[in-house]
1. For the chain, what is the convex hull (Cα atoms) projected area averaged across all directions, in square nanometres?
2. Suppose R0 equals 35 Å. What FRET efficiency, 1/(1 + (r/R0)^6) with r the Cβ-Cβ distance, do Cys142 and Lys122 give to the nearest 0.05?
3. Under the Karplus relation 6.51 cos²θ - 1.76 cosθ + 1.60, θ = phi - 60°, what is the ordered set of whole-Hz ³J(HN,Hα) values for segment 44-49, x standing for Gly and Pro?
4. Given H placed on each backbone N at 1.01 Å, which residues far from Glu107 in sequence or on other chains put an amide H within less than 5 Å of it?
5. Once amide H atoms are built 1.01 Å from N in the peptide plane, which residues 5 or more positions from Glu134, or in another chain, come under 5 Å H to H?
6. Could you work out what % of the accessible surface of the chain is carbon and sulfur, using a 1.4 angstrom probe and leaving DNA, RNA and ligands out of the count?
7. Give the accessible surface of the chain per residue, rounded to a whole number of Å², with probe radius 1.4 Å and ligands, DNA and RNA excluded.
8. Can you list residues whose amide H is under 5 Å from Val73's amide H, if they're 5+ apart or on another chain and H is modeled 1.01 Å from N?
Amino acid sequence: MSDSLLLEQARLLCQNKGVRFTAVREQVFTLLADANGSMGAYDLLTQLQKTDAKAKPPTIYRALDFLLEHGFVHKVESQNAYVLCSHFAEHHKAQLLICDQCGDVQEINSTAISKALINAAKQKHFQIVEPTIEAHGVCENCQKVS
Ligand SMILES: [Zn+2]
Ligand SMILES: [Zn+2]
């Protein structure tokens, strides 16, 4: 899907939810849509400052909080970075496949895995707040190169 179509879809989703997709939120969304893999908050800030010189770290974090809350992005804890969700309309629990060579992040969206994790945790009387799973390895492209 092209970036402009993604943006269109995101705008519509916000409209339906009655939440504001502000200019900054749109810009951060677009930067992540253009990115190859994930981007850190400070990379995003540097990019944002090219068009908005007044942008500060809180500007970025507020926009990222919004995008996270509404399921547009996933946080990649192990990279301390963010990646656009490839099917954000679903607001799902993701499993992320992270390439340690090129930094590419792919998603799997398996409810079977999510359910298994939640059930296993229940047996330990553990309540999961953040069920995203991050798996590290080597992506298809990088396997071809080496
Ligand atoms: Zn996703
Ligand atoms: Zn790779």
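The values are calculated or read from the model by the stated rules, or taken from the named source; none is laboratory data. Here the structure is a predicted model, which is why all the values come from computation and not from measurement. Here Cβ is always computed from backbone atoms with ideal geometry, including for glycine, and neighbour counts include all displayed protein chains. Protein only, heavy atoms only, side chains kept; ligands, DNA and RNA dropped before computing areas. Shrake-Rupley method; radii C 1.70, N 1.55, O 1.52, S 1.80 Å.
1. On the way: hull surface 41.4 nm².
Mean projected area of the Cα convex hull: 10.4 nm².
2. It comes to 0.45.
3. Taking θ as phi minus 60°, the curve returns 5, 4, 4, 5, 5, 5 Hz for segment 44-49.
4. Leu97
5. The answer is Leu96.
6. Solvent-exposed carbon and sulfur of the chain make up 52 percent of the total.
7. With all protein chains present, the chain gives 62 Å² per residue.
8. Leu68, Cys85
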